[in-house]
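Everything on this sheet refers to the single structure shown next.
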Amino acid sequence: MSNFVFTNARMIDPENGTDSVGWLRIQDGNIAELGDGTAKTMGAEIVDCKGKCLAPGIVDIGVKVCEPGERHKESYRSAGLAAAAGGVTTIVTRPDTIPAVDTPETLEFATRRAQADAPVNVLPMAALTKGRKGREMTEIGFLLDAGAVAFTDCDHVVTNTKVFSRALTYAKSCGALVIAHPQEPGLSAGAAATSGKFAALRGLPAVSPMAERMGLDRDIALLEMTGAAYHADQITTARALPALERAKRNGLDITAGTSIHHLTLNELDVADYRTFFKVKPPLRSEDDRQAVIDAVRTGLIDTISSMHTPQDEESKRLPFEEAASGAVALETLLPAALRLYHAGQLDLPTLFRAMALNPARRLGLDSGRLAKGAPADLVLFDPDVPFVLDRFSLKSKSQNTPFDGQRMQGKVIATFVAGQEVFRRS
């Protein structure tokens, strides 16, 4: 369908902060018109939303697709199908593959695979340093020309401040965005939990929340020196928030994100060493979780992402300290976020501001909005339908989700990319 109208839709508009009933017309892949009251059909095909929610498609920064190197964990095809089923219309992929995406040739391979196999938009990030080893920066200019939308070494912190400052300076000259993982690597080395009574009782190697604050403080100092555009991939502790607020108040080009797992789970969910709850950074205290939710509500934290990290059974069926970190979340991002809506902590426009509008703006995209002329990347969902999650029903090749067996509320009905339906729940 290239020309159709959604009617009787509960329109979630993160740009204007509204949640109201209306209509929206799509033509040739873009939003042609929208409004309240009686729809202007103009001979278009009618899609009756029956009062369900229509929102901009989610823009998910930090998705790991394991091509090249570990295709058995996740491919562009499986990740794209999972994204479509979760209402994610744009995935921004991490370069932590084998080998790392650190040359134009590797980037072009990933781009071709994504275009051939994924039903959603795929935007690649490239490594900031060669091999993500923190010793020598990549050819940022060439990688930009090849299509990289940002540069990151993912969870490998660049410890050499001279290398990092040079990379930031060069990125600034090219107009490139640098995404970093705020963490003091010495303190966090080998940690499997957040320090406190729970970690001590479980006998788990732990890291202080101050490690995140210290890592962010260092990065902010380098931003003051270089003036680069910077995004912190995950802010998960209350200790880091004052530094972030000061940096924004001082006019630095800094934004920050957090993961859906740190918004909806806490350290106690690890319970008796349940490795599906082992993520990086580790799950935090309930006080930290509430502080991060408040920061999303006020806009101090800009984005919410899935931090989708597929791991196979062999990587997770190990003692907690030895098990791999990470969880899949493309399909669970929206229903998990709706937990915050149903708890009365975040409204739907605020959630989609963090999941769609702000990520798109940070990357310079025109999506993430319900506005005339914007791409028709949309998700139609019912926020109220209850279900029990079965991890084996997920479309990802890996099923390492902490939400397995949990009662959740909210399902995607259909997903559209450039006006084309890429998913419909049967």
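Side notes on the structure shown:
- Listed pairs Lys280/Lys397; Lys64/Lys397; Lys248/Lys280; Lys52/Lys395 exceeding 18 Å between Cα atoms: Lys280/Lys397; Lys248/Lys280; Lys52/Lys395
- Selection among Ser285, Pro319, Leu338 by position relative to the dipole of region 261-347 gives Leu338 as farthest towards the positive end (Cβ unit charges, Cα centre).
- For Val292, the solvent-accessible surface with a 1.4 Å probe is about 0 Å², rounded to the nearest 10.
- Per-atom-type breakdown for the chain gives carbon and sulfur 48% of the accessible area (1.4 Å probe, protein chains only).
- Normalised per residue, the accessible area of the chain is 38 Å², obtained with a 1.4 Å probe and no contribution from ligands, DNA or RNA.
- In the chain, excluding the sites themselves, the longest stretch lacking any of the GluC sites (Glu not before Pro) that are in a DSSP loop with at most 14 other Cβ atoms within 10 Å is 137-321.
- Considering only Thr111, Val101, Ile140, the residue lying farthest towards the positive end of the dipole of region 45-148 is Val101, judged by Cα position with unit charges set on Cβ.
- Summed over qualifying helices (DSSP H, 4 residues or more, each -39500 (n - 2.57)) and divided by its residue number, the chain shows a 222 nm mean residue ellipticity of -8000 deg cm²/dmol.
- Shape metrics for the chain, restricted to C-alpha atoms - Rg then Dmax, Å: 20.6, 67
- Cα-centre dipole for the chain with unit charges at Cβ (Lys and Arg positive, Asp and Glu negative), debye to 20: 220
- Anisotropy class of region 6-119 from Cα gyration tensor, a/c 1.5 cut: prolate
- Secondary structure note: in the chain, about 50% of the DSSP beta bridges are antiparallel.
- Kyte-Doolittle mean at least 0.0, axial Cα span of 15 Å or more - DSSP H helices of the chain: 161-174, 210-226
- Cross-link partners of Lys372 among lysines (Cα-Cα below 19 Å; sequence separation of 8 or more within a chain): Lys40
The values are calculated or read from the model by the stated rules, or taken from the named source; none is laboratory data. All figures in this text were calculated on a predicted structure; none of them were measured in a lab. No Cβ is skipped: glycine too gets one built from the backbone with ideal geometry, and neighbour counts run over all protein chains shown. Protein only, heavy atoms only, side chains kept; ligands, DNA and RNA dropped before computing areas. Shrake-Rupley method; radii C 1.70, N 1.55, O 1.52, S 1.80 Å.
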